[in-house]
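Reading through the structure tokens given below for one structure.
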Amino acid sequence: MGITRDLSSKFWDGLIPMAALVLLTLLMHMLAAPIQGFWGMSGLLVYLVSLLGLGVVLLNHAILQTHSEIARGWLGLAGGSVMWFVILLSEKIGGAQIPGPTVLLLLVVIGLVSAILWKSVFPIGIKFFVLSMFLAAVARLWITSQQLLAPAWPLLNSTLVVSGYVALAALVLILVWMITLSKERTQRLWAALWGWFWALQALSVFLGRPL
């Protein structure tokens, strides 16, 4: 019974934040269309500003030492996913299908700075915040680029489907690792982040729209 309880605890430690991130991502995407339909671009702008404010609040709490390490990790994850959607929404308002050159350059610069400061400066909340933004960007760009290029190279339709099944397999492996090999809650939170990354790719492929 003790072993079963321990495995169950590990599973839920990783699955709950992963599922929460997936639901948050889906909710932010699903709300955009009706808001635009009812209130047009002005509604989207209000939505964008509201999410930006939410992302800032989450980031602020992700660095407060009054919260536990796990709570700061959770807040960093949520803040990073919200901020990435803010970037996507700003590009959508500007008429772009994928992040433009300025956004990509900004991500590269932030990535280089983060790589330098990662180990010695960044607290855990900032680490989760930055990495969740980058993994969401990678997942989006990988799926979107295949979808946009598929009409010119039909082979990419097949690779896109393969990407979806690879993402599902990776997601299962992460869940198995969490249950069998993880030792600390922080490890399972990192695993939840990677699980969300693969879940984004799988959902993007099988729903037929990038997330």
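Below is a table of values for the structure above.
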quantity: Selection count, the range 25-68, where residues are open to solvent by less than 30 Å² (accessible area, probe 1.4 Å) and over 18 Å from Phe85 (Cβ atoms); calculated: 1
quantity: Members of the range 180-208 that are of a type in the set (Lys, Arg), touching a residue at least 60 places away in the same chain (Cβ under 8 Å) and surrounded by fewer than 19 Cβ atoms within 10 Å (Cβ to Cβ); calculated: Arg185
quantity: Trp177 vs. criteria hydrophobic (A, V, I, L, M, F, W, C) and buried (at least 23 other Cβ atoms within 10 Å of the Cβ); calculated: no
quantity: Residue within the range 120-127 that is touching a helix residue (DSSP H, G or I) at 6+ places or on another chain (Cβ under 8 Å), assigned to a loop (DSSP other than H, G, I, E, B), in contact (Cβ under 8 Å) with a residue 12 or more places away in the chain and surrounded by fewer than 19 Cβ atoms within 10 Å (Cβ to Cβ) present; calculated: yes
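The values are calculated or read from the model by the stated rules, or taken from the named source; none is laboratory data. As the structure is a prediction and not an experimental result, all values here were calculated from the model. Using ideal geometry, Cβ is built from the backbone for each residue, glycine included, and neighbour counts are taken over all protein chains shown. Accessible surface is based on the protein model in full, side chains and every heavy atom, while ligands, DNA and RNA are left aside. Shrake-Rupley method; radii C 1.70, N 1.55, O 1.52, S 1.80 Å.
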